[in-house]
Amino acid sequence: MEYNFNPYTSKEPKKCEKRILKVNGKGMVEAEPDMALVSIGVITKDKNIENAQNLNNQISQKLINALLQLGIAKEDIKTSSYSIYPEYDYIEEKQILTGYNVTHILEVKVKDINMVGEVIDTAVKNGASQINRVDFTIEDAKNHYNRALKLALKEAASKAQSIAAFMKVNFDPVPCSITEQSTSFTPLLEQSTMKLVATATILPGKIEITAMIEAEFQYWN
C-alpha cells in the first residue's frame, strides 16, 4: 500500500525529483493480548467407519455443550478441520485394513484470556484427545499497529537525516512517498502443543507488533 504524504497542501501530491533518498523504517510495540484461539482435537477409532463417526460426533457434541455451559458463545466455537482416513497393518507383507480414524478439530475463541486454562480443563474432561495449540492475539490491533507505523516512519526520517548530514546536502524531512512493506504480530511467549493435564497454567506473555515501511525523501545541494 503506497501513500503520498504532504502536510503543506491537500490539493497536489508532492512529487520526488531526481535526487532522492530511499530508506527503510521499522517500528515495534508490545501489547497485552486480550483474546486466545484454542485448537482442540477429538480423535476416535473403530473398525467400522460409521461407528468411528458416530462416536466422534457424540464426544464432539458433549465437548461443545460443556464449553457453552462454561460461557463460550456458540459463534465462537467452529470446526477448523474434519478428516477420516483408514488405518492399515502389514501382515506377511500384505496390507490389512484395521479400522478408521476420525479427527475433528475445533477452534474456540476465548475472549477472556483468564479463562483459557479452564477451557482446556473442560475440554480434556469432556473427551478432547488433544490440545493442538493456544494462540494469544489482540481482537482489535489497529491502534497498536498505528503506533508501530509512526515509529517506523520516525526511524526512516532519522536515517534519511543522518545520510543527508553526512553528505552535507539540504534535506526535506517530509517524505514524498511512503510504502507500507510488511506487518507482523509475534507472540513473545508461544504456546505450542500442550500436554493434557488438569488445571492447566497458561501464561500469555505479550505480543510484539511490527510495522515496516520504505520512504523516499528529497535532497539537494
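The values are calculated or read from the model by the stated rules, or taken from the named source; none is laboratory data. Just so it is clear, the model here is predicted, and its values are computed rather than measured. Cβ coordinates were reconstructed from backbone atoms using ideal geometry, including for glycine residues, and neighbour counts include every protein chain displayed. Side chains are part of the model used for accessible areas, which takes the heavy atoms of the whole protein and leaves out ligands, DNA and RNA. Shrake-Rupley method; radii C 1.70, N 1.55, O 1.52, S 1.80 Å.
Kindly evaluate N54 against the criterion of being modelled with pLDDT of 95 or more and either in a helix (DSSP H, G or I) or closer than 30 Å to W220 by Cβ (or both). Yes: the conditions hold for N54. Given the conditions (1) outside any loop (DSSP other than H, G, I, E, B); (2) under 21 Å from E32 (Cα atoms); (3) at pLDDT below 95, report the number of the one that V108 does not fulfil. Here V108 meets the rest and fails (3). All conditions but one from (1) open to solvent by 40 Å² or more (accessible area, probe 1.4 Å); (2) closer than 30 Å to R147 by Cα; (3) at pLDDT below 95 apply to D89; the one that does not is (2).
If the condition is being more than 16 Å from Q61 (Cβ to Cβ), touching a strand residue (DSSP E or B) at 6+ places or on another chain (Cβ under 6 Å) and of a type in the set (F, W, Y), then segment 74-104 contributes Y85, Y88, Y100.
When the test is whether a residue is free of Cβ contacts under 8 Å to residues at least 12 places away in the same chain, of a type in the set (K, R), open to solvent by 40 Å² or more (accessible area, probe 1.4 Å) and closer than 30 Å to N114 by Cβ, K74 passes it. Checking each residue in segment 26-51 for being closer than 20 Å to T210 by Cα and part of a strand (DSSP E or B) picks out K26, G27, M28, V29, E30, A31, M35, A36. Applying the selection to segment 31-51, what residues are open to solvent by less than 20 Å² (accessible area, probe 1.4 Å) and under 17 Å from Y88 (Cα atoms)? The one that is open to solvent by less than 20 Å² (accessible area, probe 1.4 Å) and under 17 Å from Y88 (Cα atoms): T44. Of all the criteria given as (1) at pLDDT 95 or above; (2) under 24 Å from R133 (Cβ atoms), the one not satisfied by A31 is (1). Looking only at residues in segment 182-213 that are touching a Gly at 6+ places or on another chain (Cβ under 8 Å) and modelled with pLDDT of 85 or more, the one that is most open to solvent (accessible area, probe 1.4 Å) is M212. Scanning segment 146-164 for residues that are closer than 29 Å to M115 by Cβ and buried (at least 19 other Cβ atoms within 10 Å of the Cβ) gives a single hit, A148. Suppose the filter is of a type outside the set (G, A, S), without any contact (Cβ under 8 Å) to a residue 60 or more places away in the chain and touching a Lys or Arg at 6+ places or on another chain (Cβ under 9 Å); does I49 pass it? No: the conditions fail for I49. For L68, only one of the following conditions fails: (1) open to solvent by less than 80 Å² (accessible area, probe 1.4 Å); (2) part of a strand (DSSP E or B); (3) free of Cβ contacts under 8 Å to residues at least 40 places away in the same chain. What is its number? It fails just one condition, (2). Does V102 satisfy being in contact with a helix residue (DSSP H, G or I) (Cβ under 9 Å, 6 or more places away or on another chain), assigned to a helix (DSSP H, G or I) and buried (at least 19 other Cβ atoms within 10 Å of the Cβ)? So V102 does not fit the description; no. For segment 121-147, a tally of residues being within 20 Å of G205 (Cβ to Cβ) and either of a type in the set (D, E) or at pLDDT 95 or above (or both) returns 3.
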